[in-house]
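The values are calculated or read from the model by the stated rules, or taken from the named source; none is laboratory data. Being a predicted model, the structure only gives us computed values, none of them experimental. Glycine gets a Cβ as well: all are built from the backbone with ideal geometry, and neighbour counts include every protein chain shown.
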Amino acid sequence: GGGVRETGRLTPLMVAAMHNRNECFQWIMTTMRTTSSKVLEAKDADGRTALFHASSSGCLPAVASLLVAGADTGVRDANGDSPALRAAVSGHGEALELLLLRDCEGGDIALSNNQGKLAIVEAAAGGHLECVEVLLEAGACIDDPDEETDSTALIKAAKAGHLDMVDFCIAAGANVNRENQEGMTALKCACSEGHPGVVQALVSGNADIDLCDFSCGFTPLIVASMRGHTEVVSLLVAAGADVNAVDEWGKTPLFAAAHSDHVEIVMLLVQAGANINATDEDGDTPLTEAVTGGSERVVRLLVELGADLNGKSKYGRSALVWAVDHGNKSMVRVLLEGGADPNARDDEGMRVIHMARKEGLEDIEELLVSFGGRWGSRRASAAG
């Protein structure tokens, strides 16, 4: 029965608490010998006591009864979670408040676990506003980071798209430009996940709109362009984000959008003043980025917008060379129709028509000839 300790197994007391069956729970508490420490602190296979299960399920009367009976609030399960941490993660503010009141009376407050998860950060990630308020009232700091990723409540709330929580954190004085261990701020997280409302709130809250991360030099606009979040890109552009900011490889937001086939974002960025012929550290352009990314729609758009079709990287490769190298006939046609040089050469001096013959791309070879491609002096060697 409920008065017998069953190490590693669920007791009736645990089951009642787990399923929020308060009447059953109270019956067990009043009719069986459940006030001894052995019964109260019995643990299941995961090291969780009845108080853990009551805290996780939000069974408030059960939490109160267990605390009155002297249940240990500082006990930890196999993950290092405490009952208070479980209540915070599960979004049970009233249960959390009861647990913290006991802790303040001399109990062991345990609001982080073995994985470095922190109660206020996890509560924010789950959108549990009441729990965050309770934790702040108990002395937690809004900018306390977890040890797992060095993320704060604001960063996790922004990533999850919890607008109310983001607004609350900003109003509570959270540092809007703090980075986690991956160099992600709340704004970059919101841009990456595509949460326009959160992005607007952070921009209005004075988040640095052009802050580069320390790992790759990505700005919020680069991140949003890469992930294809058109509405977020539009918001950032309207807020004055630098459309020609570069990452550590010299690539602008236009490169990111072009490579990933985000044609609407490409147009939006160009209309906002993005340099259509910008070059990265290798001398590649958004056009060559679109070609190597396989985005024919973006290639066609950039051609229509007047991109330089014959510009070469520092390795001597033009967009057409890349298109032939990838064996993409339709893209080769788009470039040739736009005015690309049909006799362009690769970085070893081989004409594109020789490249096509070497790879057995007869249809591309014929297409190049129809646009004026010539064999020149290397025909025999290429054919052989």
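Take the conditions (1) among the polar types (S, T, N, Q); (2) in contact (Cβ under 8 Å) with a residue 24 or more places away in the chain; (3) over 14 Å from residue 121 (Cα atoms); residue 204 misses just one of them, which is (2).
Test of understanding: among 167, 146, which residue is under 23 Å from residue 133 (Cβ atoms) and touching a strand residue (DSSP E or B) at 6+ places or on another chain (Cβ under 7 Å)?
146
Taking residue 85, is it more than 23 Å from residue 61 (Cβ to Cβ) and without any contact (Cβ under 8 Å) to a residue 40 or more places away in the chain? No, not satisfied.
Scan segment 318-341 and tell me whether some residue there is hydroxyl-bearing (Ser, Thr, Tyr) and either in a helix (DSSP H, G or I) or surrounded by fewer than 18 Cβ atoms within 10 Å (Cβ to Cβ) (or both). Yes, segment 318-341 has at least one match.
Among the conditions (1) crowded, with 20+ Cβ neighbours inside 10 Å; (2) not in a loop (DSSP other than H, G, I, E, B), residue 192 misses just one, which is (1). Any idea how many residues of segment 19-39 are at pLDDT 80 or above and buried (at least 21 other Cβ atoms within 10 Å of the Cβ)? Number of matching residues: 1. Remark: pairs (first residue in segment 92-115, modelled with pLDDT of 55 or more and in a helix (DSSP H, G or I); second residue charged (D, E, K, R) and surrounded by fewer than 19 Cβ atoms within 10 Å (Cβ to Cβ); Cβ separation under 7 Å; 6+ apart in sequence or on different chains) = 93/130.
Consider residue 303 carefully, then state whether it is closer than 16 Å to residue 330 by Cα, buried (at least 19 other Cβ atoms within 10 Å of the Cβ) and either under 27 Å from the mean Cα position of the chain (by Cα) or modelled with pLDDT under 95 (or both).
No, not satisfied.
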